[in-house]
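Here is the structure we will look at, set down as structure tokens.
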Amino acid sequence: MSILVDQNTRLVVQGITGREGAFHATRNKHYGTNVVAGVTPGKGGQDVEGIPVFNTLHDAVQQTGANTAMVFVPPRFATDALYEAIESGVELIICITEGIPAHDMLQVYTNLKRGNQRLVGPNCPGIISPGKASVGIMPTQVFTPGRVGLVSRSGTLTYQISKELALLGIGQSTVVGIGGDPIVGSSFIDIVSEFDKDPDTDLIVMVGEIGGDEEEKAAQFISENVTTPVVSYIAGFQAPPGKQMGHAGAIITGSSGTAQGKKEALEAKGIRVGTNPTEVAQFVKEHLG
Amino acid sequence: MVDPNQGHIRSSEWEGKGLDLFEYQGKELFARHGIPVPSGEAAETPAEAKAAAERIGGPVAVKAQVQVGGRGKAGGIKVANTVAEAEAAAEQILGMDIKGHTVHRVWIEAASEIEKEYYASITFDRSNKKPLVMLSAMGGVDIEAVAEEHPEKLARLHVDPLSGFHPHHARRLCYEAGIDDAAMRGVQDILLKLYKGFIELDAMLFEVNPLIVTKSGDVIALDAKVTIDNNALYRHPDILALQEASTSDPQERMAQEKGVTYVKLDGDVGILGNGAGLVMSTLDVVALAGGRPANFLDAGGGSKADEVVAALEVLLSDPKVKSLLINIFGGITRCDEVAEGLLTAIDQLGSTLPIVVRLDGTNEEEGRAIIKERAPKNVVVEPTMLSAAKRAVELAKEAAA
């Protein structure tokens, strides 16, 4: 098994006729993902490499039974596309778009949480279940089927760690890029929970970076709820302390948001944190025996 | 991590949550949203300060414009009773160094007769995913200390992003914070206007410390700390225009002009990578190898040859850089494009600095072949991120010796 995307994924790509949208939709299709439709207003009836294009997401979902939507729409129009995806009823929305205003995402997020759909991203590289389906922009050659679940806020760092795993002969069940924006649809906790329920994921690698307190929250959650072993990596130890405007931020988070703070929070809950991507892969190897 | 428009990778966290404004800019925005602020003018020379004090009339406060706290204690705020005193105060404050920030501008405003000092703020609380409004009757002091020692004195309220902030919220905050009855109405009015402005301006932070009550009973924002979301600046062109002169560092300024994501650090190993996470990891690995990174530079998710050239121009213009480490994991970025960009840059800039290159991912073979066959001797290829970092650190130490 795997999580979120697999052979049962029926993908519709919003913004499929854009340069990036067309390129990656085609690549996803060639990987074996069942890309059933694309949406670009005004281009209904056309096709992109055999993928039928619809004017509205509503039509695309009605006519193709799509259950997953990928948003490749420029930031100014992405919020509209996200609401369209929420209202279409698809189970999973994956938003690749970078640069969506935080206040807009706050509105989308609050609406989303009143229902049962899952959003991954925005500002993320997507999701791949190696050998089954790839939804997003990840370089598929880096990944091989296996039993390690990988969840990350960073794209290229995900590829780096996957490569280090590959060098040790270790593959992945699913790799999820949750995105680096202040408001993202799925947190580390959400994805780690999914991996924990997956019988084919033996170990979880959680790749974090400076900022926010999601890693700290995940550490607490994992210690109380997760039975699958977790190994972590945090980037940004050399990042200079962000210049703090005012004091309100420091009052509310209670967390420093630094790499050191996150490392300590994870280690306090018995989660090993590698000092570099190579060491993370070695930890995984040791755990798997 | 890709903006389909641009193909640039960014970490909103690394670049800061947004654009920080100076007090005088924040107050101008406040005024536009109907939030009472003292009348004032910005000045860059003592003569301008004198003229401003004349126009404002009466006693004025001369305030250093720096984006760092504690300027009052550092002598960056002076009250002047006459025009001559205002000029002298500006003379003293302009050019002053406050915690590493040089004062280039002062704000001259009508001095206020302070009866009470409160604290008000609105924060984009990413952890709870709601705006957070805070109010305290203990303003004008270190609010972090108040939060720690007297948490009950700091009233807090999370706002539902969909239904918004209403008068009953403002009343509740005032009662909880113990605001004087006489000031209630003015404080509530300001809280409502602050929230409206916070939403309309796509702010990540509004902080007013102190929010004062004058002897005549008016409630006025005496300070303004404002941060605006970078991603929303496209719909606030007037605020975007304020961004231009925000850095005085030559490399950072050059990077801004060329659209390169760059942050200056204080080491001597120049860094170029793709993707914020990988670049941060590269800095960490350089430090673990005993070196000190000179910068953070994210060449972006779809780095093309000309983008690599622009990035290298920025790096090579820094005289402190003794060696360069180029760490690329090609996804959308193609390693052969990066290699071509590197060769073009070396050709154009004639650099003889030692350059260590590590290329992995899409078209890695082609990229390495280009460097092996055509690059000058100062460019070396290393197979892994760790070995590349180690080599770059060694070369920087040799060059410095």
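Remarks
- Members of region A:83-99 that are more than 28 Å from B:Ala276 (Cα to Cα) and away from chain B (no Cβ under 14 Å): A:Glu84, A:Ala85, A:Glu87, A:Ser88, A:Gly89, A:Val90, A:Glu91
- Cβ-Cβ distances below 9 Å connect the following pairs, each with a first residue in region A:263-289 that is part of a strand (DSSP E or B), a second residue that is of a type in the set (Lys, Arg), and a separation of six or more residues or different chains: A:Val273/A:Lys262; A:Val273/A:Lys263.
- Of all residues in region B:305-325, none satisfies being closer than 28 Å to A:Val280 by Cβ and within 11 Å of chain A (Cβ to nearest Cβ).
- Where a residue in region B:251-280 is more than 14 Å from chain A (Cβ to nearest Cβ) and its partner, wherever it lies, is hydroxyl-bearing (Ser, Thr, Tyr) and assigned to a loop (DSSP other than H, G, I, E, B), with Cβ under 7 Å and at least six apart: B:Gln251/B:Ser317; B:Arg253/B:Thr247; B:Met254/B:Ser317; B:Gln256/B:Thr247
- Count of region B:32-64 residues which are among the small types (Gly, Ala, Ser) and crowded, with 16+ Cβ neighbours inside 10 Å: 9
- So B:Lys78, is it charged (D, E, K, R) and modelled with pLDDT under 90: no
- Within region A:136-156, the set of residues being within 25 Å of A:Pro199 (Cα to Cα), among the hydrophobic types (A, V, I, L, M, F, W, C) and within 14 Å of chain B (Cβ to nearest Cβ) comprises A:Met138, A:Val142, A:Phe143, A:Leu150, A:Val151.
- Among residues of region B:234-250 being over 25 Å from B:Val314 (Cα atoms) and open to solvent by less than 40 Å² (accessible area, probe 1.4 Å), the one that is modelled with the lowest pLDDT is B:Ile239.
- Contact map, region A:97-119: residues that are open to solvent by 50 Å² or more (accessible area, probe 1.4 Å) paired with residues that are among the polar types (S, T, N, Q) and not in a helix (DSSP H, G or I), Cβ distance under 8 Å, separation 6+ or inter-chain. Pairs shown: A:Arg118/A:Ser186.
- With respect to being among the small types (Gly, Ala, Ser), surrounded by 24 or more Cβ atoms within 10 Å (Cβ to Cβ) and either within 24 Å of B:Gly18 (Cβ to Cβ) or more than 8 Å from chain A (Cβ to nearest Cβ) (or both), B:Gly291 fits the description.
- Checklist (1) at pLDDT 95 or above; (2) touching a strand residue (DSSP E or B) at 6+ places or on another chain (Cβ under 7 Å); (3) within 12 Å of another protein chain (Cβ to nearest Cβ) applied to A:Gly236, failing item: (1)
- Some residue of region B:210-220 being within 14 Å of chain A (Cβ to nearest Cβ) and either open to solvent by less than 30 Å² (accessible area, probe 1.4 Å) or out of contact with any Asp or Glu (no Cβ under 6 Å at 6 or more places or on another chain) (or both): yes
- Qualifying residue in region B:279-289 (condition: part of a loop (DSSP other than H, G, I, E, B) and under 13 Å from B:Arg391 (Cα atoms)): yes
- A:Ala69 vs. criteria open to solvent by less than 10 Å² (accessible area, probe 1.4 Å) and assigned to a strand (DSSP E or B): yes
- Residue tally, condition hydrophobic (A, V, I, L, M, F, W, C) and in contact (Cβ under 8 Å) with a residue 60 or more places away in the chain, over region B:87-107: 2
- Residue in region B:294-312 that is touching a strand residue (DSSP E or B) at 6+ places or on another chain (Cβ under 6 Å), part of a strand (DSSP E or B) and free of Cβ contacts under 8 Å to residues at least 60 places away in the same chain present: yes
- Candidates A:Ile94, A:Ile86, A:Ile16, filtered to the one that is part of a loop (DSSP other than H, G, I, E, B) and open to solvent by less than 40 Å² (accessible area, probe 1.4 Å): A:Ile16
- Entirely in region A:127-217, the strands (runs of 3 or more DSSP E) that have 3 or more residues that are over 17 Å from the mean Cα position of the chain (by Cα): A:145-152
- Of all residues in region B:315-338, those being in a helix (DSSP H, G or I) and surrounded by fewer than 24 Cβ atoms within 10 Å (Cβ to Cβ) number 3.
- Residues within region B:186-209 that are open to solvent by 10 Å² or more (accessible area, probe 1.4 Å) and assigned to a helix (DSSP H, G or I), tallied: 9
- Criterion violated by A:Ile137 - all others in (1) open to solvent by 10 Å² or more (accessible area, probe 1.4 Å); (2) in contact with a helix residue (DSSP H, G or I) (Cβ under 6 Å, 6 or more places away or on another chain); (3) closer than 25 Å to B:Asn231 by Cβ satisfied: (1)
- Region B:154-172, residues that are in contact with a helix residue (DSSP H, G or I) (Cβ under 9 Å, 6 or more places away or on another chain) and within 14 Å of chain A (Cβ to nearest Cβ): B:Leu154, B:Ala155, B:Arg156, B:Leu157, B:Val159, B:Asp160, B:Pro161, B:Leu162, B:Gly164, B:Phe165
- Of note, A:Lys113 satisfies the criterion of being within 13 Å of chain B (Cβ to nearest Cβ), basic (Lys, Arg) and out of contact with any strand residue (DSSP E or B) (no Cβ under 6 Å at 6 or more places or on another chain).
- Residues satisfying the stated conditions in region A:132-162, i.e. free of Cβ contacts under 8 Å to residues at least 40 places away in the same chain, of a type outside the set (A, V, I, L, M, F, W, C) and over 23 Å from A:Glu214 (Cα atoms): A:Pro139, A:Gln141, A:Thr144, A:Pro145, A:Gly146
- Here region B:131-153 is the region considered, the condition is being modelled with pLDDT of 95 or more and more than 7 Å from chain A (Cβ to nearest Cβ), and the residue that is nearest to the chain's Cα centre (by Cα) is B:Pro131.
- Every residue from region B:346-386 that is open to solvent by 30 Å² or more (accessible area, probe 1.4 Å), out of contact with any strand residue (DSSP E or B) (no Cβ under 8 Å at 6 or more places or on another chain) and assigned to a helix (DSSP H, G or I): B:Asp347, B:Gln348, B:Leu349, B:Glu365, B:Glu366, B:Ala369, B:Glu373, B:Arg374, B:Leu386
- Residue in region B:249-262 that is on the phi < 0 side of the Ramachandran plot and part of a strand (DSSP E or B) present: yes
- Residues satisfying the stated conditions in region A:147-189, i.e. on the phi > 0 side of the Ramachandran plot and open to solvent by 10 Å² or more (accessible area, probe 1.4 Å): A:Gly169
The values are calculated or read from the model by the stated rules, or taken from the named source; none is laboratory data. The shown structure was predicted, so the numbers you read here are calculated from the model rather than taken from an experiment. When we count neighbours, we look across all protein chains shown, and the Cβ atoms used for this are built from the backbone with ideal geometry, even at glycine. Areas reflect the complete protein model, heavy atoms only, side chains present, ligands, DNA and RNA absent. Shrake-Rupley method; radii C 1.70, N 1.55, O 1.52, S 1.80 Å.
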